[in-house]
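Please read the structure below before turning to the comments.
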Amino acid sequence: MKLERVLKLKLDEAIDFFGGRKWKLFQLIDFQQGRLLKLEVPIGQTESYVVELPFDEGEFLNEAIGILKANGWIQQETRTVP
């Protein structure tokens, strides 16, 4: 089982807060209520810090991805495989 500590931060706060971390990951998630930009920073094999930012298509997404990549964040896609 994995523990996700969901932090209530804005994008700029998350970038500042996790600036010194080596592994900083983000992914785009579609779900019934809309879309989500999920930021994840692993702090061990069973625990991560997570920031979830809901968004609509448009300028926020393009700007956010550019800012994240410029600050060393890596885009990921998670899958469940047999």
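Counting other Cβ atoms within 10 Å of each Cβ, which GluC sites (Glu not before Pro) in the stretch 12-82 have at most 13 and sit in a DSSP loop? Filter output for the stretch 12-82: Glu57, Glu77. The stretch between Arg5 and Lys69 holds 20.8 nm of extra length on full extension. This uses 0.36 nm per residue minus the Cα-Cα distance. Per Stokes-Einstein, at 37 °C and 0.692 mPa s, what whole-number D in µm² s⁻¹ belongs to the stretch 3-75, with the Kirkwood radius over Cα pairs as the hydrodynamic radius? The diffusion coefficient I find is 262 µm²/s.
Taking 0.36 nm per residue of sequence separation and removing the Cα-Cα distance, the Phe17/Val50 pair yields an extension gain of 10.7 nm. Placing a pseudo-label 7 Å from each Cα along the Cα-to-Cβ vector at Glu59 and Ile29 gives an inter-label distance of 2.7 nm.
Listed by chain and number, the lysines placed with their C-alpha closer than 18 angstrom to that of Lys10 are Lys24, Lys38, Lys69; residues fewer than eight positions away on the same chain are left out. Seen from Lys24, the other residues with C-beta closer than 13 Å to its C-beta sum to a net charge of +2, counting Lys and Arg as +1 and Asp and Glu as -1. For the chain, the mean residue ellipticity at 222 nm estimated from helices alone is -6500 deg cm²/dmol, where every DSSP H run of n ≥ 4 contributes -39500 (n - 2.57) and the total is divided by all residues, rounded to the nearest 500.
Any read-out appearing in this document is the output of simple, stated calculations on the displayed coordinates, not a laboratory observation. Only a predicted model underlies this, so the values are computations on that prediction, with no experimental measurement involved. Don't worry about glycine lacking a Cβ; one is built from the backbone with ideal geometry, like all the others, and counts go over all protein chains shown.
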